[in-house]
């Protein structure tokens, strides 16, 4: 399973402006609302409820907010980057810069867990994270992910 099977160019936000966790989630949700026709408020609510269970800021500058949405037809994935970094209540207490937002249909536990594991694994590569942080634009980000997944 590859991220690029689900990540589209119009779902990449290369310069997040939000200053806090809720703002990042709200900003990340916008492209999904446009392309999938899901309700903005419902999606933000699901993601914030998941955050209350424990932060999806996994440390090392990475956040993987995720949730399951009833009635969703297929998995949705997007990417966001904050150049300044955001307090995402990460386990290491450091600012979060790179975000992958994952929304899956309510009953698709297997694909949800597989993609979360894949994203977590690929983001352990510090050079990959550094390249994502330095990328000029959305096309560069897609190419960096494409190259990393080809080598993985």
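Readers should treat all values here as calculations from the given coordinates under stated rules, not as data from a laboratory. The structure presented is a predicted model; accordingly, all values stated were derived computationally and were not measured. When we count neighbours, we look across all protein chains shown, and the Cβ atoms used for this are built from the backbone with ideal geometry, even at glycine.
Which of the residues that make up region 96-110 are surrounded by 15 or more Cβ atoms within 10 Å (Cβ to Cβ) and farther than 20 Å from residue 31 by Cβ?
Restricting attention to region 96-110, the residues satisfying the condition of being surrounded by 15 or more Cβ atoms within 10 Å (Cβ to Cβ) are 96-105, 108.
Passing the criteria: only 108.
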Report, by residue number, each residue of region 123-148 that is buried (at least 17 other Cβ atoms within 10 Å of the Cβ) and over 17 Å from residue 11 (Cα atoms). 123, 128, 129, 131, 148
Of all residues in region 92-122, which are in contact with a helix residue (DSSP H, G or I) (Cβ under 9 Å, 6 or more places away or on another chain) and farther than 16 Å from residue 6 by Cβ? 96, 97, 98
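Answer with yes or no whether residue 37 is more than 14 Å from the chain's Cα centre (by Cα) and within 22 Å of residue 127 (Cα to Cα). Walk me through it before giving the result.
Working: more than 14 Å from the chain's Cα centre (by Cα): yes; within 22 Å of residue 127 (Cα to Cα): no.
Answer is no for this residue.
Of all residues in region 1-42, count the ones that are assigned to a helix (DSSP H, G or I) and closer than 20 Å to residue 134 by Cα.
Initially, region 1-42 is screened for residues assigned to a helix (DSSP H, G or I), giving 3-5, 21-36, 40-42.
Right, trim to closer than 20 Å to residue 134 by Cα and you get 3-4, 24, 28.
Qualifying residue count, region 1-42: 4.
Evaluate region 49-68: report whether one residue or more is more than 15 Å from the chain's Cα centre (by Cα) and surrounded by 13 or more Cβ atoms within 10 Å (Cβ to Cβ).
Just the residues of region 49-68 that are more than 15 Å from the chain's Cα centre (by Cα), to begin with: 49, 52-54.
In the following step, the residues that additionally are surrounded by 13 or more Cβ atoms within 10 Å (Cβ to Cβ) were identified as none.
Within region 49-68, not a single residue is more than 15 Å from the chain's Cα centre (by Cα) and surrounded by 13 or more Cβ atoms within 10 Å (Cβ to Cβ).
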